[in-house]
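Each remark here refers to the structure printed beneath this line.
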Amino acid sequence: MRYVLFALPLILLVALVSVFAFSIDRDADLVRSVLIDKPVPDFALPPVEGLDRPGFDAGGLKGTVTVVNVFASWCIPCRDEHPLLEALKAETGVRLFGINHSDAPENARAFLAELGNPYDAVGADRDRRVSIDWGVYGVPETFLVDENGIITYKHVGPLTPEAIATELLPALEKARS
């Protein structure tokens with residue numbers, strides 16, 4: 001009986017570690033946004049100071065299907081994803097808006113000057129309030145908003161060619177039809 005009492009905490013610890021270990025590599029689709037199929041949160045973002053693109057608000061996301069990308073100059077995966085956003089814009093002509101997350105204006109301007117600016121509008125979210133309202137918990141994240149201002153798709157992390165081909169483009173076609 002003593003051995004059982006001695007071994008019980010060890011067995012529980014091993015079981016708990018096993019549960020965590022098997023949960024780490026879960027499918028990102030299991031973390032579904034509660035905002036899917038809901039209107040975009042009410043917000044207004046000023047433009048990034050000194051950038052030749054306007055800011056935007058919730059009302060500006062109505063009327064046309066829009067891809068909204070949350071990015072930051074200090075985000076390494078955002079740099080990796082950026083050429084794909086430029087290609088997406090060039091190939092599909094989709095309206096592309098950026099939410100510049102927790103960034104100094106001079107850094108955001110330098111990032112876009114260096115890598116190119118595929119965005120039709122870029123809003124400055126310096127205090128991260130809008131990102132929080134959108135359910136963003138890391139950058140980059142990408143959303144698809146239909147013509148009625150409803151969020152229909154969310155991608156967490158950097159877009160990849162595969163994610164664009166198998167997820168974003170089909171969601172875009174569905175939203176446009």
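Filter the stretch 129-140 down to the residues that are modelled with pLDDT of 95 or more and farther than 18 Å from residue 109 by Cα and list them by number. Show your work before the answer.
As a first pass, look at the stretch 129-140 and keep what is modelled with pLDDT of 95 or more: 129-136, 139-140.
Hits for the stretch 129-140 are 129, 130, 131, 132, 133, 134, 135, 136.
Is at least one residue of the stretch 157-164 free of Cβ contacts under 8 Å to residues at least 60 places away in the same chain and not hydroxyl-bearing (Ser, Thr, Tyr)?
Going through the stretch 157-164, the residues free of Cβ contacts under 8 Å to residues at least 60 places away in the same chain turn out to be 162-163.
Narrowing further to those that are not hydroxyl-bearing (Ser, Thr, Tyr): 162-163.
Yes.
Name the one entry in 50, 93, 138, 123 that is in contact with a helix residue (DSSP H, G or I) (Cβ under 8 Å, 6 or more places away or on another chain) and surrounded by fewer than 16 Cβ atoms within 10 Å (Cβ to Cβ). Let's see the steps before the verdict.
Working: 93 fails: in contact with a helix residue (DSSP H, G or I) (Cβ under 8 Å, 6 or more places away or on another chain); 138 fails: in contact with a helix residue (DSSP H, G or I) (Cβ under 8 Å, 6 or more places away or on another chain); 123 fails: surrounded by fewer than 16 Cβ atoms within 10 Å (Cβ to Cβ).
Testing whether each residue is in contact with a helix residue (DSSP H, G or I) (Cβ under 8 Å, 6 or more places away or on another chain) and surrounded by fewer than 16 Cβ atoms within 10 Å (Cβ to Cβ) leaves just 50.
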Hits in the stretch 53-72 - residues which are surrounded by 21 or more Cβ atoms within 10 Å (Cβ to Cβ) and either at pLDDT below 95 or polar (S, T, N, Q) (or both) = 66, 69
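Yes/no matrix, rows are residues, columns are (1) of a type in the set (Asp, Glu); (2) in contact with a Lys or Arg (Cβ under 6 Å, 6 or more places away or on another chain):
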residue: 65; (1), (2): no, yes
residue: 86; (1), (2): yes, no
residue: 95; (1), (2): no, no
residue: 115; (1), (2): no, no
residue: 123; (1), (2): no, no
residue: 127; (1), (2): yes, no
If you scan the stretch 49-85, which residues turn out to be part of a loop (DSSP other than H, G, I, E, B), in contact with an Asp or Glu (Cβ under 8 Å, 6 or more places away or on another chain) and over 16 Å from residue 154 (Cα atoms)?
-> 50, 53, 62, 63, 64, 72, 73, 74
Exactly one condition in (1) without any contact (Cβ under 8 Å) to a residue 40 or more places away in the chain; (2) out of contact with any strand residue (DSSP E or B) (no Cβ under 7 Å at 6 or more places or on another chain) is not met by residue 135; state its number.
-> (1)
Might you check whether a residue that is at pLDDT below 75 and either β-branched (Val, Ile, Thr) or exposed (fewer than 13 other Cβ atoms within 10 Å of the Cβ) (or both) occurs anywhere in the stretch 34-46?
-> no
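The values are calculated or read from the model by the stated rules, or taken from the named source; none is laboratory data. Please read all numbers here as calculations on a predicted model, not as lab measurements. Don't worry about glycine lacking a Cβ; one is built from the backbone with ideal geometry, like all the others, and counts go over all protein chains shown.
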